[in-house]
Amino acid sequence: MSSADLSPENAGSTQDMHQAADSERRPGSTIQHNSSSSNGVVALEKGETPLQQQSRTGIYVPTDVVISTEGKSALAVNTAMEELLRREDRDGDGLITVDDCGPKSFLLEPLTHDGTQAIEIKGTYYLANLLQELFLAQKKGEEYLEVDLGRVTEDPVDRLQRLIETSWWDKLKRNIDSSGIAVAARDPKTCKTVESRPRIYVPHGAPLQHAYYSKLAQEMPDMKLDVQWLPEGDITAEFIRSLNDKPGLLALEMVENDSNRRKELIGLPFIVPGGRFNELYNWDSCFCATAMIDTHPRVVESILRHFIFEIKHYGKILNANRSYYLGRAQPPFLTDLALKNYRATKQEPGSKDLLKLAILAAMKEYYSYWMTAPRYDEDTGLTRYRPIGIGIPPEVESTGFDHILEPYAEKHNMTMTDIGQAYTNGRIQDPELDIFFLHDRALRESGHDTSNRFVGVCADLATIDLNCLLYRYETDIAEAIRTIFEDGLQVPADFCAPGQAVDHFESSAVWDCAAKRRKGSIDMYLWNEEKGLYFDYNSATEKQTEYETVTSLWALWSGVASQHQAALLVEKGLPKFECIGGLSSNTENSRGPVNAANPQKQWDYPNGWAPHQILAWDGLKKYGYQEEAERLAYRWLHMITRVFVDYNGTVVEKYDVTQLKSPHRVVAEYGNQGLNFKYAPEEGFGWTNASYLHGLSLLGLDARHALGQGAPYEVYAKGIQGT
């Protein structure tokens with residue numbers, strides 16, 4: 001009987017992609033396929049049993065292997081998994097990573113002596129894949145697992161893409177009906193401080209939903225579901241505050257389903273970011289949905305319908321559908337998603353009708369939220385993030401504002417908990433705290449919570465981000481009306497903003513003019529010719545800020561930059577943010593020194609985030625900077641792939657893009673999402689998953705091959721230049 005070496009080095013052309021670019025990357029990632037004792041493999045002597053070999057050589061040979069009827073090696077799942085973890089998971093975290101100092105070797109040995117080869121799996125990546133396959137079999141209740149060597153040795157790029165498209169998206173799906181409300185209602189952000197009873201708030205314009213949930217509460221009394229109406233009319237900051245002690249979900253769109261000749265409502269699916277988040281987020285969902293159009297079209301359609309429902313009933317696409325987000329939006333991407341979905345599905349029935357609803361909803365949100373006071377600044381013609389609210393955001397960790405509240409606690413001789421409650425409830429009033437939390441709510445609406453760029457100032461800033469997005473709303477709506485709706489779109493009552501006539505018509509010319517005006521304001525107040533960057537404008541000080549932000553590149557994605565401005569952005573701006581792992585959110589100089597008074601924040605240098613990468617890639621491509629777009633995409637994907645390989649399939653919310661050794665270990669106020677798993681990753685993180693798929697779509701086969709080999713960009717680029 002011989003032992004088998006299935007290493008990347010010896011397995012032939014189908015395994016060549018797995019060779020490491022450097023010896024540190026995947027030390028000894030091999031599966032043995034030869035009969036010699038090379039690479040530390042000791043073959044069984046004739047007639048020798050695995051236990052006899054272990055006694056003779058000191059090398060562990062698992063005895064929990066059987067031969068399937070097809071002659072393939074199979075493992076007894078539970079004992080194999082226990083032994084694999086005992087040998088390889090030296091820090092006890094349920095993972096096999098490069099940080100573990102185990103033998104990095106596991107021998108799969110048949111118990112019969114019929115010439116079947118023994119198989120030695122070696123190296124962090126392959127062993128972690130074996131652990132993942134064992135765990136997934138265990139979850140299915142399988143007693144034995146036929147070892148699929150194709151899965152164990154799978155190219156990491158192929159494996160990650162497969163997991164995202166065929167498994168992780170489904171794990172991130174939620175719905176709010178009898179089949180899913182118990183999961184969606186869980187809120188780790190608030191359950192430690194308030195009553196955690198599941199609760200749902202329903203707008204008055206959705207009586208069918210209220211009836212459905214009321215019936216569900218009666219039929220499932222053990223759930224203790226609390227069903228509440230929202231008040232008619234405007235939602236006030238005082239009302240939102242009154243819900244702090246009884247937070248809950250906000251109802252989303254439902255549709256009738258004919259089941260067993262019985263009509264009943266079902267909740268449409270949506271995607272959550274992952275980690276501690278179980279609700280529908282605005283801009284997270286847009287990035288995820290864009291990457292899911294080809295593989296999960298029904299989910300994308302459902303997300304669009306949820307957004308339309310939110311605008312009809314809540315006046316805007318919410319930060320997320322929780323009660324404490326009622327006063328707050330997030331960066332608006334609806335028109336972009338709606339048009340992308342339409343272009344991909346326009347041959348299907350109902351596609352144009354869905355686009356029409358989305359454009360009508362976007363116009364209502366634009367007029368009634370983004371273009372009204374206090375968000376819209378008439379002096380500049382630009383828009384600011386400025387949501388309503390009172391007190392401390394209840395979703396923030398209890399210690400999140402200790403550094404702000406500490407002097408007030410000392411002043412009033414209160415504990416940190418008491419001062420926070422007293423301020424939020426209005427028993428203690430302080431204008432300075434009011435101003436601080438006005439800006440804090442604005443930075444959370446911006447999606448960049450938190451960043452030094454916005455602390456103490458966000459509500460006064462006409463940001464380059466938001467105004468690029470609204471410019472894109474204006475140009476997208478103009479394009480849709482002109483090219484799809486014959487240059488006239490009638491607006492029914494449900495989608496009229498206050499003061500608009502019911503059934504009036506919108507034309508493309510109105511939106512073209514709005515875009516032209518906003519571009520003029522962006523050029524006047526936000527563009528800096530000397531520095532080749534866009535900057536935020538402070539409407540209180542009437543000055544342009546000096547904070548260097550990667551969202552300056554959103555001007556390319558939105559199309560608001562001229563060719564001249566684009567050239568300066570690429571020449572002067574881009575180098576400020578480009579790092580070994582992609583784009584950082586801002587510059588080290590703008591962030592400033594990190595210390596007790598200025599702790600590291602998650603949206604600041606050196607951290608990079610998926611949405612910034614995606615918008616930069618697409619913007620650069622739009623202006624003809626294909627090489628720069630592909631280089632940045634490769635850097636980001638290489639970093640993600642490297643962590644995926646070295647750390648048991650880990651994919652996280654954000655990365656330290658300045659280093660490749662362990663970029664998933666970030667220093668930030670919220671830590672990192674996507675790390676809380678054992679044995680096998682089951683969801684990754686929403687928009688990081690999306691960025692990986694989108695990045696692959698921009699790169700050719702050579703780049704994909706190099707990513708699978710673990711080649712850094714410089715190695716890949718050198719190889720391309722040499723061909």
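The values are calculated or read from the model by the stated rules, or taken from the named source; none is laboratory data. Predicted, not measured: the structure shown is a model, and the values here were computed from it. Here the Cβ is made from the backbone with ideal geometry for all residues, glycine too, and neighbour counts use every protein chain on show. Note: areas computed on protein heavy atoms with side chains; ligands, DNA, RNA excluded. Shrake-Rupley method; radii C 1.70, N 1.55, O 1.52, S 1.80 Å.
Couple of notes before you dig in:
- Of the residues 593, 599, 611, the single one that is open to solvent by less than 60 Å² (accessible area, probe 1.4 Å) and within 29 Å of residue 406 (Cβ to Cβ) is 599.
- Subset of segment 420-448 [open to solvent by 40 Å² or more (accessible area, probe 1.4 Å), of a type in the set (D, E, K, R) and assigned to a loop (DSSP other than H, G, I, E, B)]: 427
- Residue among 256, 238, 301 that is acidic (Asp, Glu) and in contact (Cβ under 8 Å) with a residue 60 or more places away in the chain: 238
- Selection from segment 374-390 of residues that are part of a loop (DSSP other than H, G, I, E, B), of a type outside the set (Val, Ile, Thr) and in contact (Cβ under 8 Å) with a residue 12 or more places away in the chain: 374, 379, 381, 384, 385, 386, 387, 389
- Leading residue by the ranking (farthest from residue 337 (Cα to Cα)) among those in segment 528-577 that are open to solvent by less than 50 Å² (accessible area, probe 1.4 Å) and of a type in the set (D, E, K, R): 548
- Condition met for residue 625 (touching a residue at least 40 places away in the same chain (Cβ under 8 Å), among the aromatic types (Phe, Trp, Tyr) and over 24 Å from residue 289 (Cα atoms)): yes
- Of all residues in segment 194-239, those satisfying the criterion of being part of a loop (DSSP other than H, G, I, E, B) and farther than 22 Å from residue 268 by Cβ are 194, 195, 196, 197, 224, 231, 232, 233, 234, 235, 236.
- Every condition in (1) closer than 20 Å to residue 129 by Cβ; (2) open to solvent by 10 Å² or more (accessible area, probe 1.4 Å) is met by residue 641 except one, and the failing one is (2).
- Residue identified as under 29 Å from residue 279 (Cα atoms), crowded, with 18+ Cβ neighbours inside 10 Å, at pLDDT 95 or above and of a type in the set (Asp, Glu) among 177, 187, 155, 170: 177
- Selection from segment 675-701 of residues that are surrounded by fewer than 24 Cβ atoms within 10 Å (Cβ to Cβ), more than 18 Å from residue 95 (Cα to Cα) and in contact with a Phe, Trp or Tyr (Cβ under 8 Å, 6 or more places away or on another chain): 694, 698, 699
- Residue check for residue 452: out of contact with any helix residue (DSSP H, G or I) (no Cβ under 7 Å at 6 or more places or on another chain), open to solvent by 10 Å² or more (accessible area, probe 1.4 Å), touching a residue at least 24 places away in the same chain (Cβ under 8 Å) and more than 23 Å from residue 316 (Cα to Cα): no
- Among the residues making up segment 509-539, those that are small (Gly, Ala, Ser) and out of contact with any strand residue (DSSP E or B) (no Cβ under 9 Å at 6 or more places or on another chain) are 509, 514, 515, 520, 532.
- The set of residues in segment 268-302 being within 12 Å of the chain's Cα centre (by Cα) and assigned to a strand (DSSP E or B) consists of 271, 274, 277, 281.
- Residue match in segment 392-411 (condition: free of Cβ contacts under 8 Å to residues at least 40 places away in the same chain, surrounded by 20 or more Cβ atoms within 10 Å (Cβ to Cβ), assigned to a loop (DSSP other than H, G, I, E, B) and not charged (D, E, K, R)): yes
- Restricting the search to helices (runs of 4 or more DSSP H) fully inside segment 499-604 and requiring at least 1 residues that are free of Cβ contacts under 8 Å to residues at least 40 places away in the same chain and under 30 Å from residue 669 (Cα atoms) gives 574-577, 588-591.
- Any hit, segment 691-709, residues being free of Cβ contacts under 8 Å to residues at least 60 places away in the same chain and assigned to a strand (DSSP E or B): no
- Candidates in segment 710-723 are the residues that are open to solvent by 20 Å² or more (accessible area, probe 1.4 Å) and outside any helix (DSSP H, G or I); of these, the one that is nearest to residue 657 (Cα to Cα) is 712.
- Some residue of segment 322-331 being open to solvent by 30 Å² or more (accessible area, probe 1.4 Å) and either in contact (Cβ under 8 Å) with a residue 60 or more places away in the chain or closer than 27 Å to residue 343 by Cα (or both): no
- Failed condition for residue 672, given (1) open to solvent by 10 Å² or more (accessible area, probe 1.4 Å); (2) among the polar types (S, T, N, Q); (3) in contact (Cβ under 8 Å) with a residue 24 or more places away in the chain: (3)
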